[in-house]
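A short worksheet on the structure shown next.
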Amino acid sequence: MTTRLIFALLCVLMLAAGSVQAGGDPAKGKELSIDCADCHGDDGMGDDEFPKLAGLDAAEHVAALKGYASGERVDESEMMGDIASELSEQDMADLAAYYANLGSN
Ligand code: HEC
């Protein structure tokens, strides 16, 4: 009985983890990316001053945005902190999903 319960719990946990990964909607991310394009470029390619976002791993992208939002990640330009703290977790996932696929197709 206990084994079955643990097994069921593990399944739920794995499903939950999977849905976080797949939670980003690239189409929504594209809409949101209008606010990023001024600095990071229309195609997310960046330049000397702004890092390239195209092709950035989605998990790394979300981690970077969360880090800026919480202040854990220090941004000497002081540009990303305010921007990131305006984003919801879903926004971050959507943006990450959009940028991860840019440049690869
Ligand atoms: C006002 C200009 C500006 C805007 C607008 C802007 N960024 Fe940035 N972004 C920067 C700068 C400058 C950095 C580099 C900061 C640093 O040194 O850590 C940066 C860094 C980043 C990084 C870290 C990249 C890496 O590889 O380390 C991510 C991710 C990011 N921005 C995402 C976004 C997203 C998503 C948006 C739109 C919601 C956005 N940015 C809007 C200026 C901007």
- Go through (1) polar (S, T, N, Q); (2) at pLDDT 95 or above; (3) within 11 Å of the ligand (Cβ to nearest atom) and name the single condition Ser77 misses. (2)
- Determine whether segment 65-73 contains at least one residue that is within 6 Å of the ligand (Cβ to nearest atom) and either charged (D, E, K, R) or buried (at least 17 other Cβ atoms within 10 Å of the Cβ) (or both). yes
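Among the residues of segment 86-95, which ones are surrounded by 13 or more Cβ atoms within 10 Å (Cβ to Cβ) and more than 7 Å from the ligand (Cβ to nearest atom)?
Matches in segment 86-95: Glu89, Gln90, Asp91, Met92, Ala93, Asp94.
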- From the option list Asp48, Asp25, single residue qualifying as out of contact with any Phe, Trp or Tyr (no Cβ under 7 Å at 6 or more places or on another chain) and in contact (Cβ under 8 Å) with a residue 24 or more places away in the chain is Asp25
- Task: Select from segment 32-64 the residues that are assigned to a helix (DSSP H, G or I) and loosely packed, with under 14 Cβ neighbours inside 10 Å and list them in ascending order.
- Result: Ile34, Ala37, Asp38, Ala59, Glu60
- Test: residue in segment 55-62 that is in contact with a Ser or Thr (Cβ under 8 Å, 6 or more places away or on another chain), in contact (Cβ under 8 Å) with a residue 12 or more places away in the chain and more than 7 Å from the ligand (Cβ to nearest atom): yes
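The values are calculated or read from the model by the stated rules, or taken from the named source; none is laboratory data. All values derive from a computational prediction rather than experimental measurement. Methodologically, a virtual Cβ is constructed for each residue, glycine included, from the backbone with ideal geometry; neighbour enumeration extends over all protein chains shown.
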